[in-house]
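Data block below; observations after.
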Amino acid sequence: MISGNIQKARSEAEIYWIVKYGIKMTGMPAFGPTHGEDELWGLTVLVKEIPRMNPDHYRQLAEQENGMGHGHGHAH
């Protein structure tokens, strides 16, 4: 996903579907059962933006998220 090839080939709606439902037998999990709609759309935007991010920007976003006390593995 970092190369940007998947993002270029898929619409935002298609990426959202992949994030929500996953892709069986590929290691791509379904986040729909454990994450709310706002989180799913946030992940979709992140997937679209990752190819344009440098490592420092990604690290900064991750640190901001961790500072907000966000936990994973629960439904909202």
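A few comments on the model shown:
- Here the peptides 58-65, 36-43 are ranked by packing, the mean other Cβ count within 10 Å, and the order with the highest first is 36-43, 58-65.
- Simple rule: put +1 on each Lys or Arg Cβ and -1 on each Asp or Glu Cβ in the chain, find the dipole, and look at P51, S11, M25; the Cα lying farthest toward the positive end is M25.
- The chain: relative contact order as a whole-number percent, Cα under 8 Å and 6+ apart: 35 percent
- Listed from fewest to most Cβ neighbours within 10 Å, the set Y21, Y16 follows the order Y21, Y16.
- Near M28, the amide H atoms lying under 5 Å from its own belong to I23; only residues 5 or more places off or on other chains count, and H is placed 1.01 Å from N.
A short reminder: the numbers here are calculations on the coordinates, not readings from a lab. Note that the coordinates shown come from a computational prediction; the quantities given were computed from them, not determined experimentally. Positions of Cβ are backbone-derived with ideal geometry, glycine not excepted, and every protein chain shown enters the neighbour counts.
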